[in-house]
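The values are calculated or read from the model by the stated rules, or taken from the named source; none is laboratory data. Since this is a predicted model, take the numbers as computed values, not measurements. Don't worry about glycine lacking a Cβ; one is built from the backbone with ideal geometry, like all the others, and counts go over all protein chains shown.
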């Protein structure tokens, strides 16, 4: 389809962020090289331009960081909650002050559109620190008994899809409850965590309370299995989550795991089609579908299938894919060549298994990692694209006739993170929501997040909740 | 055997799916009292019995989790009522099983009855204590509610054959989960008799399934079973607990590790820990919209 509108380029200026040519690990309040001197490059996925070279943590560095966190734990946990709160409030404020810089940085390192980092990621990051800052001196009233104690050193491993937001989800509750942390960002998106280290410096946070180790899976594994780590928090793939669960078996380590998903977005025949279509688009194309709670399975009632699909394809044809720094961009770059290869392979499998592929007609830039918004129709529950998490801008469309069938199909997955319901009938929303085995159910909306609202999965989507009063439990000895 | 009358022995059987089967394996093992005196031949359940119990538990889950909390509370209270009427039988069995004096065994049974009453009252309160409305920064209704995790394998404590047993079963089913319980291997008789009480308490068949036998032999297939959602390792020693936790990771079962308090005093206030261990939090969002000229907004 020819573009109905032409837009002039409207790029956000990247001069607001100053990326150094190299970064070290942040241990005990200092930037330091890896013990073995190893480094790796981080690239901008939309251009493949090398942004910086960062230290690659090894086992020895993990040990150093855990020791620093352990040393800091005594003083930090003994601080009055009201003092810890003020440090967190400072951090929240500095994030707000530097939010444009951080948004541009995140867009450069991750590839997601500036519209999303500016309007979703960064406001949520600041809000998360504000929210948990307020809990630090109110833990006696949180419902976990009087004077609940922190666990100690938290080892936290986060993914690349929402680098700074996942950092906030991990660090804010950990610090509010009096723990100290060692956090490992993903190898493809290390920069915003390193900038956060600078924010800790500006906030005057005592050294060793937050330690940042950039590196690969080996560093994450060493961190999780370190004997002096008391708490493990991981967001990432279900396969790694299971490996972590095995690794910590028989120890006293407390764990929260936020893993994969294959969320069903259920559209009933009475749903307002235009609103549902917007919700479907938000559900699977937000952040290029690289979202664990994405609505990656569309379950549409048979009688409105054609109408919804027609409207959906028309809407997808208007999405603008391209420069993530452009304020008009809807679809940015896929985070890495590796992820792009995974998405492409699964889509090929979908075609080979007989599902019908449709991709939005858009031009892909020649450099960088890109994938056009894609949907599959004629999908059955046996198809790989209906079962496996693709973690990309690919929607599988299935149909149903009755609410019971919709629920049965929605629950027919080893995952249980999210689901969506689109209908005008209130009692149907409540009945269906009640039967869905998923931790978050969005009715007549999708992909909404808030620091006060607990988030986490059923079944193999992990355990524990992040956000809200519930999120405190993961970091308290209760 | 008083008055010279020859007493009638009871054949102890499993409790699975609301029925009282023998082990499909046909095996039994000898159960003795603390002094080594023969008490009964208990069924030595097999892996197949464990798998059958999973099927029964799963079948019962929809109805039990869908029952109102009030209804579940009524039924748990009914269990207490039924037990109250059989206190003497259980006091005798507990005295034999644990080598307690008559009065101490009676006190244990009384505490177990009271524990059912405690959890009966929790069924319709835990949702308000651990759930609630979340004040999100936007025009959305946002509510978190606890829901049962699903089918829970429970390794009952080895020492406390009855109060400990009740203390691990009641919190699991109070919130709508269904349970497969592995009784104390050495002292399974109070558990097997509890099945008879549950069967006459309006508890739907399959909500609680009770197996006797070797703990490790039964726990292994349950820990690795893909249709079991959670496992309570209370009755496992450290080595077995680790092994089972590794197996349980395969489908990310919620795992309650053995706690130091479990080997201590079961008469202490149990708190809510065992209730919340087998709950999931579901959060539902809906736009609140706006009234006015523009109509509803999504």
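For the reader, a short list of remarks on this structure follows.
- Options A:197, A:245, A:239, A:219: the member that is more than 19 Å from the chain's Cα centre (by Cα), more than 30 Å from residue A:115 (Cα to Cα) and either more than 14 Å from every other protein chain (Cβ to nearest Cβ) or surrounded by fewer than 22 Cβ atoms within 10 Å (Cβ to Cβ) (or both): A:219
- Odd one out for residue A:258, checked against (1) touching a strand residue (DSSP E or B) at 6+ places or on another chain (Cβ under 7 Å); (2) surrounded by fewer than 23 Cβ atoms within 10 Å (Cβ to Cβ); (3) within 14 Å of another protein chain (Cβ to nearest Cβ): (2)
- Restricted to the range A:462-476, and to residues there that are in contact with a strand residue (DSSP E or B) (Cβ under 7 Å, 6 or more places away or on another chain) and more than 7 Å from chain B (Cβ to nearest Cβ), the residue that is surrounded by the most Cβ atoms within 10 Å (Cβ to Cβ) is A:475.
- Members of the range A:127-151 that are surrounded by 22 or more Cβ atoms within 10 Å (Cβ to Cβ) and at positive phi: none
- All conditions in (1) assigned to a helix (DSSP H, G or I); (2) within 30 Å of residue B:231 (Cβ to Cβ); (3) more than 12 Å from chain B (Cβ to nearest Cβ) hold for residue A:286, with the sole exception of (2).
- When residues of the range A:444-461 are limited to those that are under 14 Å from the mean Cα position of the chain (by Cα) and touching a residue at least 60 places away in the same chain (Cβ under 8 Å), the one nearest to the other protein chains (Cβ to nearest Cβ): A:450
- Scanning the range B:116-143 for residues that are within 9 Å of chain A (Cβ to nearest Cβ), within 32 Å of the chain's Cα centre (by Cα) and exposed (fewer than 14 other Cβ atoms within 10 Å of the Cβ) yields one hit, B:129.
- For the range B:55-69, a residue qualifies if it is closer than 17 Å to residue A:434 by Cα, part of a helix (DSSP H, G or I) and out of contact with any strand residue (DSSP E or B) (no Cβ under 7 Å at 6 or more places or on another chain), and the qualifying residues are B:62, B:63, B:66, B:69.
Quick grid of which residues meet (1) within 14 Å of chain A (Cβ to nearest Cβ); (2) surrounded by fewer than 24 Cβ atoms within 10 Å (Cβ to Cβ); (3) part of a helix (DSSP H, G or I):
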{"position": "B:145", "(1), (2), (3)": "yes, yes, no"}
{"position": "B:159", "(1), (2), (3)": "no, yes, no"}
{"position": "B:165", "(1), (2), (3)": "no, no, yes"}
{"position": "B:169", "(1), (2), (3)": "no, no, yes"}
{"position": "B:172", "(1), (2), (3)": "no, no, yes"}
{"position": "B:185", "(1), (2), (3)": "no, yes, no"}
{"position": "B:196", "(1), (2), (3)": "no, yes, yes"}
{"position": "B:209", "(1), (2), (3)": "no, no, no"}
{"position": "B:217", "(1), (2), (3)": "no, yes, yes"}
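- Within the range A:421-438, considering residues that are free of Cβ contacts under 8 Å to residues at least 24 places away in the same chain and farther than 14 Å from residue A:402 by Cα, the one farthest from the other protein chains (Cβ to nearest Cβ): A:427
- Here the range B:254-276 is the region considered, the condition is being in contact with a strand residue (DSSP E or B) (Cβ under 8 Å, 6 or more places away or on another chain) and in contact (Cβ under 8 Å) with a residue 60 or more places away in the chain, and the residue that is nearest to the other protein chains (Cβ to nearest Cβ) is B:254.
- From the options A:29, A:24, residue that is at positive phi and either surrounded by fewer than 18 Cβ atoms within 10 Å (Cβ to Cβ) or modelled with pLDDT of 95 or more (or both): A:29
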